Amino acid sequence: MHFTLKQLRYVEAAGRTGSIARAADELNISQSSITAAIDALETELNFDLFMRIPAKGIHPTPLGHEVLKLIAHHLEDVRVLESELSALAGDPVGTLRLACYDTAAPYVLPPLLKEFARRYPGVRISVQEGNMDEIRRFLSDGSADLALTYRRALPDQTGFVGLFRARPYALLPIEHPLAREPAVSLAALCALPMIMLDLPHAREYYLSLFSDEGLEPQVAHSTKTAEMARALVAGGFGFTILNIRDPGNFEAVSGSAARPIRDDVEAPFFGIAQHPGRRRPRIIDRFISTAQDLSEKGSYRELTLFP
């Protein structure tokens, strides 16, 4: 059987993106090159890898699904080999595919990426954001090497390196009387309308903070983004609960005030997750080591109310 590594990469990109055009854009090549690679591999295998649906892209056939899994695993091994061989001659090079929990990404990523780029300028980092369900999928299907996320809701077998605990806090309209208190109780918050960050596993977590105390908040608004939750609080629509704060916007600049919660509440670990079945090339070890160094220096302290 005759096929090239380049052809496999073209076919993998087409299957992953579900589109010959998107695969061509991603790889910066012509669509005809993608089509030729698919045709060549289908000829070698003597069965169709994809169903072509006009105006809807391409969809793998049942056998195509199996072939794409094998190709993805093979390309992952090749990528690790290339990275390891390059590292033998010096510092790591190549691409690190990093996923990050989207509400934390704007605050956790910049200092870490800056320090890693300073140490290892030859490494390119590809970042994708997502909610907890998407993070789990990125790790399981191999589209991410590592994920910056919370330990909660990850499968037990997932490899995890904790960086800091993210204690939840209340964000209140700056004019509300509770904003003048040094800390607030969950019971007091129940008298206000709540703006819920309604993401997979996040909603259950925030509700559990109250239910563990025998309380039930008045959920008046729901949003899928922390930015909108902050905006609604600043507009006086109620309070919200978050875990990571914007260190540059702590108080009244945004029309809101962050206050610690008095109650004994669960503070989930935030850190780096990796699929347990995957090898850890040097590039991954160096990234984890960089993150741990920043943690030990207290670089994440400003992201939480209580270090």
Which ³J(HN,Hα) values in Hz, rounded to whole numbers, follow from the phi angles of region 141-153 under the Karplus curve 6.51 cos²θ - 1.76 cosθ + 1.60, where θ = phi - 60° and Gly and Pro get x? 8, x, 6, 10, 7, 9, 9, 8, 6, 7, 5, 4, 6
Taking +1 at the Cβ of each Lys and Arg and -1 at the Cβ of each Asp and Glu, which of Ala166, Ala179, Gly94 sits farthest along the dipole of the chain towards its positive end, judged by Cα position relative to the Cα centre? Gly94
Options [x] 23.1, 74; [y] 21.0, 67; [z] 22.1, 82 - which one matches Rg and Dmax of the Cα atoms in Å as calculated here: [x]
222 nm [θ] for the chain, helices only, -39500 (n - 2.57) per DSSP H run of 4+, per residue, to 500? -13000 deg cm²/dmol
Find the relative contact order for the chain and round it to a whole percent, using C-alpha pairs within less than 8 Å whose residues are 6+ positions apart. 20
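Using packing as a proxy for protection, rank 229-242, 181-194 so that the peptide with the highest average count of other Cβ atoms within 10 Å comes first.
Top of the packing list down: 229-242, 181-194.
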Inter-label distance, nm, simple model (7 Å from Cα along the C-beta direction), Leu109/Gln292: 2.5
So which lysines pass the test for Lys56, namely a Cα distance under 27 Å, with those fewer than 8 places away in the same chain ruled out? Lys6, Lys69
Restricting to Cα pairs below 8 Å that are 6+ residues apart, what does the relative contact order work out to for region 5-74? Please round to a whole percent. 31
Span-rule helices in the chain, defined as complete DSSP H runs reaching 15 Å or more along the axis (Cα) with Kyte mean at least -0.5: 31-45, 62-88, 105-119, 282-296
Distances over 16 Å make up what percent of all Cα-Cα pairs in region 178-285? 64
Contour excess over end-to-end distance, with Cα ends at Glu175 and Leu45 and 0.36 nm allotted per residue: 40.0 nm
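Each value in this text was obtained by applying a stated rule to the coordinates, not by laboratory testing. Predicted, not measured: the structure shown is a model, and the values here were computed from it. Cβ coordinates were reconstructed from backbone atoms using ideal geometry, including for glycine residues, and neighbour counts include every protein chain displayed.
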